[in-house]
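Written below as structure tokens is the structure these notes are about.
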Amino acid sequence: MADQDLMRVRAQAKWVRTSARKARLVLDHIRGRSVPEARTILAFTSRAAATDIEKVLRSAVANAEANHGLDGDELVVEAAYADEGPTLKRWRPRARGRVNRIKKRTCHVTLVLAEQPPADTPRRRARSKPAAAEQAAPEAEAKPKASTRRKKKEGVAA
């Protein structure tokens, strides 16, 4: 229920001239992070897709501030994904009258920002270990296995 109360803001860049796979590598770094943290990560990411994704992030923050009156630094990147766009098919002449096809791929980058959930809500409960596993663990720690080196040394000394 609390997830439905949070305000979400979306920004999308279409026909970005990079492949969706390359954009996803950068988007994986910022998913789930706060906006200031995501900006820092994108500023220091050496991949070319980071500049296009940074523009989308700035647009999403501007949408949140102008349209919904939210504070940009209080938002979290809730979803970040890159869908494949149309592929521009070109060709390059090769020897003996042949042709090599060149695929200029594009993608559609989408970022969804949401308000940070209140800190007082619990995330998920940690799962407790079964009682049988807790009893077996101390016995295993009490008897470490002898290393093979020690066995070899004892065999040589004897």
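The numbers here are math on the coordinates, done by the rules we state, and not lab data. Every value quoted in this text rests on a predicted model; they were computed, and no experiment measured them. No Cβ is skipped: glycine too gets one built from the backbone with ideal geometry, and neighbour counts run over all protein chains shown.
Numerical summary
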| quantity | calculated |
| --- | --- |
| Shape category assigned to the stretch 2-115 from the gyration tensor of Cα positions, a/c cut at 1.5 | prolate |
| Neighbour-count order for 54, 154, fewest beta carbons within 10 angstrom listed first | 154, 54 |
| Computed lengthening from residue 48 to residue 22, 0.36 nm per intervening residue step minus Cα-Cα distance | 8.5 nm |
| In order through the stretch 59-65: 3J(HN,Hα) via Karplus (6.51 cos²θ - 1.76 cosθ + 1.60), integer Hz, x for Gly, Pro | 5, 5, 5, 5, 4, 5, 6 |
